[in-house]
Structure formats: structure tokens, C-alpha cells
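Colleague: I have a structure I would like to understand better, so I am pasting it below and will then ask my questions one at a time.
The values are calculated or read from the model by the stated rules, or taken from the named source; none is laboratory data. Here the structure is a predicted model, which is why all the values come from computation and not from measurement. Every residue, glycine among them, receives a Cβ derived from its backbone with ideal geometry; neighbour counts consider all protein chains shown. For the accessible areas, the whole protein counts, side chains as well, though only heavy atoms, and no ligand, DNA or RNA atoms are used. Shrake-Rupley method; radii C 1.70, N 1.55, O 1.52, S 1.80 Å.
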Amino acid sequence: MVDVFCSKMEMLVPSIEKYVQASDFKNVTRTVLSVMWALFPIMTSLFIASVRFKKVPELIFNNYWRRFLKNLMLSVFAITFCGGLIYLFVVFPFNIQEKVDSDFINRGTAGLKAMSHSRFWLGIIGSLEILSVTIFVWGLIAYIYASVLLIYGLFINFYNLFANKEN
């Protein structure tokens, strides 16, 4: 049953297989990362529920459209950045085995080497990776929500500009 579960999770999250290839304890790595990724939707739901979005701020109704372009560009950048980082964590387009076998050491390769040689660091760094993706998903949702509010505020301001015109 565990093997079937892990196989299904590897189909959903391709980065699990890359971590397994570089690990000294392949079955443990496969199981731990599969369980962590299976808990990801639950963690994301709890995180989003605990950090609630506020109602439409009063700032949107008070000439917020003057800063519309700057805020829209920031939202587009944040959405692209968060989406790219989620892609990076889920697909992980690098060969982990090459990084673990190389003699070049930096923070990234040190973390990968620690994960592949120690069960303790597999749990710590693996859980931090899932937490990071949870935060990036929340950021993605928050910036999409902010973009919708931004566009809503622009239309409300234009409506108020033309509807309240007394001439």
C-alpha cells in the first residue's frame, strides 16, 4: 500500500524521484517526501484559514487608481515569482545526484548532501521545503486577490468619477 501511495505521489510531484535517486536511504526518502507532499494541501488550507484576507480597504475607494499601474506591475511580478518558485520546488529541474557528488560546496549543495546522508536533515529540510511552498501558494493566492481588488477599485473609481459628475 505504501508503494502504491508513493508511486502516485511521485506522479504528482516529480521532484520526489530526484531526491530519492540521490539519497543513501531511498525507501525512507521516498516515503517521507510522499507523506509531506500529501499533507501539503492540508497545511496550505490551515495556513490560508489562519491568515485571513481583510475586507475591501477604504484606500481602494479613495483615488487608489492613481497608483494602479505600479501596484498592478508589482502584483504581476509577485504572481510570476511565486508561480516560478512553486514550479521549482515541485519539478526541481536540476540533477540532484550531480550536485551531491560534486566537490563544490555552497549552501544549496550542503543542504542536498545533508538530506541525502542524514534522516534528521531529510526531515528538517524536507519540511522546510514544504513550508516554503505553502507560503508561496499563499502569496500567489494573496496577490491574485490583491490584483482583483486593485482592478475592482479602478472600476469603482472610474464609475464614481463619471457617475458623480455634476456637470
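Colleague: In this structure, is Val56 open to solvent by less than 90 Å² (accessible area, probe 1.4 Å) and either modelled with pLDDT under 85 or not in a helix (DSSP H, G or I) (or both)?
Modeller: On the way: open to solvent by less than 90 Å² (accessible area, probe 1.4 Å): yes; either modelled with pLDDT under 85 or not in a helix (DSSP H, G or I) (or both): yes.
It is true that Val56 is open to solvent by less than 90 Å² (accessible area, probe 1.4 Å) and either modelled with pLDDT under 85 or not in a helix (DSSP H, G or I) (or both).
Colleague: Residue check: is Arg67 modelled with pLDDT under 90, open to solvent by 60 Å² or more (accessible area, probe 1.4 Å) and not in a helix (DSSP H, G or I)?
Modeller: no
Colleague: Within segment 21-33, can you find the residues that are more than 21 Å from Leu85 (Cβ to Cβ), in a helix (DSSP H, G or I) and at pLDDT 90 or above?
Modeller: Across segment 21-33, the qualifying residues are Lys26, Asn27, Val28, Thr29, Arg30, Thr31, Val32.
Colleague: In the list Ile125, Ile130, Ile151, Ile135, which residue meets the criterion of being at pLDDT 85 or above, among the hydrophobic types (A, V, I, L, M, F, W, C), open to solvent by less than 80 Å² (accessible area, probe 1.4 Å) and over 14 Å from the mean Cα position of the chain (by Cα)? Show your work before the answer.
Modeller: On the way: Ile130 fails: over 14 Å from the mean Cα position of the chain (by Cα); Ile151 fails: at pLDDT 85 or above; Ile135 fails: over 14 Å from the mean Cα position of the chain (by Cα).
Of Ile125, Ile130, Ile151, Ile135, the one residue that is at pLDDT 85 or above, among the hydrophobic types (A, V, I, L, M, F, W, C), open to solvent by less than 80 Å² (accessible area, probe 1.4 Å) and over 14 Å from the mean Cα position of the chain (by Cα) is Ile125.
Colleague: Go through segment 75-104 and give me each residue that's hydrophobic (A, V, I, L, M, F, W, C), open to solvent by 40 Å² or more (accessible area, probe 1.4 Å) and within 16 Å of Ile144 (Cβ to Cβ).
Modeller: Selection gives Val76, Phe77, Ile79, Phe81.
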